[in-house]
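Notes follow the structure.
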Amino acid sequence: MKLKPFRLTLLSLSLLIPAALAAVILFLLFYAGQAFGFNGFGFVSRITWNLGDLYSDPVMTRGVLVPPGASYGILVFIFGTLLSSGIAILIAVPLSVGAAIFLSEAVPAKIRPVLSMLVELVAVVPSVVFGLWGIAVLVPFIGNIMGPAISHALGFIPFFAGGDSGGGYGLLAASVVLALMITPIIATTLLDALLQVPKENRESAFALGATHFEVVSKAMMPMVRTTLIGGIVLALGRALGETMAVLMVSGGGINILPSSLFSPISTIASFIVSQLDSAEGDPTNMAVRSLAEIALVLFIITLITNAGAKLLTTGLPHVRHNKH
Amino acid sequence: MNIKRSLLRAGVAAIALAGLTGLCTSAKADTTTLVETGSSLLYPLFNLWVPDFTAANPGIQVSTTSTGSGAGIAQAIKGLVQIGASDAYVSNAMAAKHPEILSIPLAISAQEINYNLPGVKSLKLSGPILAGIFMGKITKWNDPEIAAANPGVALPAHTIIPIHRLDGSGDTFIFSQYLADSTPAWKSALGYSTAISWPAIPGEIGAKGNAGMLQAAAANPYSVTYIGISYAAKVAAAGLGTAALKDADGEYVLPTPANISAAADSVVTTTPPDERISMIFAAGPNAYPIVNYEYAVVSTNQPNGTVAGAIQNLLTWAITTGNDPKYLDKVHFLPLPAAIQILSKTQIAKIQ
């Protein structure tokens with residue numbers, strides 16, 4: 001048998017990526033193992049997170065040594081993660097669809113590269129910069145102007161109440177920062193797809209007497225729907241995992257489920273970062289193990305969103321096919 | 001044929017690489033590198049110390065990073081760094097598990113309780129009042145308990161915005177220790193730690209780092225928060241007030257150098273040889289209640305004598321020359337009392 005060094009090299013290189021992923025999952029599973037037993041299924045349904053008294057001697061609880069009072073529940077952070085990412089998508093999708101259509105339809109071809117480059121530039125701004133902007137500009141703006149205004153207009157709905165009491169840190173601030181970070185991701189993917197719609201389709205739609213709005217909404221958008229969903233999922237992935245910018249503006253709420261747009265929240269990723277330092281002071285290591293278990297939950301959530309997106313994108317053409 | 005050639009190439013590359021790294025290490029062989037990580041409160045002081053120390057000791061290089069007290073302790077225990085900086089001493093459980101780990105005081109720090117109250121120039125607060133605020137039992141500035149402590153002060157009928165650290169922090173540790181020592185209800189419910197399971201209070205804010213606390217307090221009128229004393233100048237510039245706190249003797253005291261020294265002096269005689277002691281809520285006249293040692297967490301077992309010698313060198317320098325006001329004044333720290341300096345030196349001598 002002849003050895004093929006080129007093929008072998010490529011094979012081993014390509015295996016490295018899934019191997020690294022498997023290594024991470026195995027590590028998390030192995031490391032969080034003891035926490036599974038201690039936390040049980042209540043881990044995802046309890047709302048109290050307490051590292052316990054790290055300065056007292058550990059006590060035997062449910063068969064393992066943990067700091068006295070230690071109780072790990074992460075429902076608050078699951079809520080915070082899903083809510084902030086969900087609202088961010090709600091804000092970002094109309095913005096980015098509008099921006100992409102504007103860039104592909106209303107801007108002269110000569111200026112388009114300049115403008116689209118500007119949009120792409122937003123995508124490469126480091127997240128901590130968004131966080132700083134959030135603290136310096138967005139949070140005071142929400143606290144002083146936007147929050148009171150929203151609560152004044154829509155305060156009769158509980159979810160929009162309370163904008164006048166807090167300082168602007170919270171769910172809304174986190175969602176807006178996230179929305180800004182993911183808008184360029186959706187916009188650029190959509191723009192690329194819109195520019196690839198065959199000229200013939202556009203021109204025949206126009207020839208049939210469609211208005212410009214109808215051309216875009218009826219002839220072009222259906223063709224790029226899969227790409228749009230793909231872009232949204234890509235963006236959702238980034239929003240779910242975003243850490244630093246969220247940590248800076250979210251208000252870090254723990255032990256209470258967010259009840260309004262202005263509640264302080266914690267997301268899973270930001271919470272892991274904020275707790276890791278203290279968790280390392282736990283002589284029994286249970287705190288760090290529980291953080292590993294949270295990381296697994298985040299991993300599962302992103303996995304589910306991605307799988308859902310795969311289903312949507314591969315499923316959609318069939319649905320449309322059946323209609324015809 | 002092919003595979004032979006590629007193997008040959010790989011071999012040549014490997015040898016070249018090995019040669020290069022060999023060159024690099026041999027060039028550095030005569031210097032010892034110490035790594036320090038941990039407390040963000042000690043970090044600025046280490047950065048003032050290191051240039052002068054390395055200038056006086058050309059054979060030693062020191063790299064400093066600011067990660068957090070918990071990381072400082074954890075990484076010193078794991079042996080990843082030679083010096084872990086921490087605002088909190090190593091806990092009893094940790095000390096029992098890792099008897100080789102020393103907690104060596106390097107300087108004395110304190111914490112201010114700052115408030116943003118338009119129109120109020122001076123404010124007195126106590127441990128039970130602060131515990132009530134951070135547990136959500138005292139929600140208005142004109143609460144009878146606050147009013148009783150501040151006769152003659154026009155307190156607004158506004159909701160209090162408590163601001164706490166959301167990252168693990170030595171500041172949270174000493175703040176919660178003050179509340180635990182002065183208020184039994186806090187002690188039994190929440191205890192003290194670098195991360196507290198903060199009770200949910202409407203309008204509360206979690207901020208990251210001392211800088212984030214300052215920003216949040218400055219931007220939110222009617223807020224109250226705790227900030228490390230090294231930020232005193234910035235706190236004053238932001239127009240925040242500093243509260244006088246009720247000490248163990250029932251007096252209200254401000255974090256002045258004299259009052260901080262009074263707290264430090266009061267525990268000099270009771271400090272044990274391993275120097276793991278709380279200065280919080282110390283007894284004695286005019287003793288400011290939130291004062292702490294800033295610790296270097298170091299293992300007695302070092303890989304070799306050179307490294308151990310370098311650590312001893314650095315720490316001894318830090319508690320003698322490094323305790324000079326020209327360094328400490330910049331971060332508002334105070335020098336160690338002479339008796340504590342001797343205890344620290346005894347501990348430093350154990351590093352091998």
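The values are calculated or read from the model by the stated rules, or taken from the named source; none is laboratory data. Remember, predicted model here, so these are calculated numbers, not experimental data. Backbone-built Cβ (ideal geometry, glycine too); neighbour counts: all protein chains shown.
Looking only at segment B:66-108, count how many residues are within 28 Å of B:K208 (Cβ to Cβ), part of a helix (DSSP H, G or I) and either in contact with a helix residue (DSSP H, G or I) (Cβ under 9 Å, 6 or more places away or on another chain) or not polar (S, T, N, Q) (or both).
Residues meeting the conditions: 11.
Please work out which residue is farthest from the chain's Cα centre (by Cα), limiting yourself to segment B:227-241 and to residues that are of a type outside the set (G, A, S) and within 21 Å of B:P156 (Cβ to Cβ).
My answer is B:L240.
If you take the residues of segment B:322-334 that are of a type outside the set (G, A, S), touching a helix residue (DSSP H, G or I) at 6+ places or on another chain (Cβ under 8 Å) and assigned to a helix (DSSP H, G or I), which of them is nearest to B:A232 (Cα to Cα)?
B:V331
Which count do you get for residues in segment B:163-172 that are more than 8 Å from chain A (Cβ to nearest Cβ) and of a type in the set (D, E, K, R)?
Count: 2.
Could you grab the pairs with beta carbons closer than 6 Å, sequence gap of 6+ or different chains, first residue in segment B:329-343 and free of Cβ contacts under 8 Å to residues at least 40 places away in the same chain, second one crowded, with 21+ Cβ neighbours inside 10 Å and hydrophobic (A, V, I, L, M, F, W, C)?
Final answer for the pair search is B:Q341/B:I319.
Restricted to segment A:53-66, and to residues that are in contact (Cβ under 8 Å) with a residue 60 or more places away in the chain and more than 7 Å from chain B (Cβ to nearest Cβ), which residue is surrounded by the most Cβ atoms within 10 Å (Cβ to Cβ)?
Per the stated criteria, the residue is A:V66.
Does B:D265 fit the bill of being more than 30 Å from A:L132 (Cα to Cα), out of contact with any helix residue (DSSP H, G or I) (no Cβ under 6 Å at 6 or more places or on another chain) and buried (at least 19 other Cβ atoms within 10 Å of the Cβ)?
Criteria not met by B:D265.
Mind listing whichever residues of segment B:61-86 are of a type in the set (A, V, I, L, M) and within 12 Å of chain A (Cβ to nearest Cβ)?
B:A71, B:I73, B:A74, B:A76, B:I77, B:L80
For segment A:169-206, which residues satisfy the criterion of being over 16 Å from A:M244 (Cβ atoms) and touching a Pro at 6+ places or on another chain (Cβ under 9 Å)?
Those that are over 16 Å from A:M244 (Cβ atoms) and touching a Pro at 6+ places or on another chain (Cβ under 9 Å): A:G170, A:L171.
Condition check: modelled with pLDDT of 90 or more, surrounded by fewer than 24 Cβ atoms within 10 Å (Cβ to Cβ) and part of a helix (DSSP H, G or I). Does A:A269 satisfy that?
For A:A269, the condition - modelled with pLDDT of 90 or more, surrounded by fewer than 24 Cβ atoms within 10 Å (Cβ to Cβ) and part of a helix (DSSP H, G or I) - is met.
Quick check: is even one residue across segment A:142-155 over 30 Å from B:S91 (Cα atoms), part of a helix (DSSP H, G or I) and at the interface with another protein chain (Cβ under 10 Å from one of its Cβ atoms)?
yes
Which of the residues belonging to segment B:256-290 are of a type in the set (G, A, S) and in a helix (DSSP H, G or I)?
B:A258, B:S261, B:A262, B:A263, B:A264, B:S266
Listed residues B:A207, B:A195; which is surrounded by 24 or more Cβ atoms within 10 Å (Cβ to Cβ), out of contact with any strand residue (DSSP E or B) (no Cβ under 7 Å at 6 or more places or on another chain) and closer than 17 Å to B:S169 by Cβ?
B:A195
Hey, among the residues in segment A:16-47 that are without any contact (Cβ under 8 Å) to a residue 40 or more places away in the chain and not in a helix (DSSP H, G or I), which one's nearest to the other protein chains (Cβ to nearest Cβ)?
A:R46
For (1) modelled with pLDDT under 90; (2) more than 10 Å from chain B (Cβ to nearest Cβ); (3) within 23 Å of A:P94 (Cα to Cα), each residue gets a yes or a no:
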{"position": "A:T227", "(1), (2), (3)": "yes, yes, yes"}
{"position": "A:E242", "(1), (2), (3)": "no, yes, yes"}
{"position": "A:S260", "(1), (2), (3)": "yes, no, yes"}
{"position": "A:L276", "(1), (2), (3)": "yes, no, no"}
{"position": "A:I294", "(1), (2), (3)": "no, yes, no"}
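So, of the residues in segment B:173-194 that are within 8 Å of chain A (Cβ to nearest Cβ) and free of Cβ contacts under 8 Å to residues at least 40 places away in the same chain, which turns out to be farthest from A:A279 (Cα to Cα)?
Per the criteria, the residue is B:G191.
Of the residues that sit in segment B:229-256 and are of a type outside the set (A, V, I, L, M, F, W, C) and in contact with a strand residue (DSSP E or B) (Cβ under 6 Å, 6 or more places away or on another chain), which one is surrounded by the most Cβ atoms within 10 Å (Cβ to Cβ)?
Among those that are of a type outside the set (A, V, I, L, M, F, W, C) and in contact with a strand residue (DSSP E or B) (Cβ under 6 Å, 6 or more places away or on another chain), it is B:D247.
Could you identify the single residue in A:R202, A:R289 that is free of Cβ contacts under 8 Å to residues at least 24 places away in the same chain, of a type in the set (K, R) and crowded, with 17+ Cβ neighbours inside 10 Å?
It is A:R202.
For segment A:215-265: of the residues being hydroxyl-bearing (S, T, Y) and assigned to a helix (DSSP H, G or I), which is nearest to A:G131 (Cα to Cα)?
Checking each candidate, the answer is A:T227.
Those residues that are closer than 16 Å to B:Y327 by Cβ and in contact with a strand residue (DSSP E or B) (Cβ under 7 Å, 6 or more places away or on another chain), I need them from segment B:54-90; list them, please.
Correct list: B:T54, B:V62, B:T64, B:A85.
So in segment B:87-106, with the set limited to residues that are out of contact with any Asp or Glu (no Cβ under 8 Å at 6 or more places or on another chain) and more than 9 Å from every other protein chain (Cβ to nearest Cβ), which one is nearest to B:V297 (Cα to Cα)?
B:I101
For segment A:1-15, what are the residues that are surrounded by 10 or more Cβ atoms within 10 Å (Cβ to Cβ) and more than 14 Å from chain B (Cβ to nearest Cβ)?
Those that are surrounded by 10 or more Cβ atoms within 10 Å (Cβ to Cβ) and more than 14 Å from chain B (Cβ to nearest Cβ): A:L11, A:S14, A:L15.
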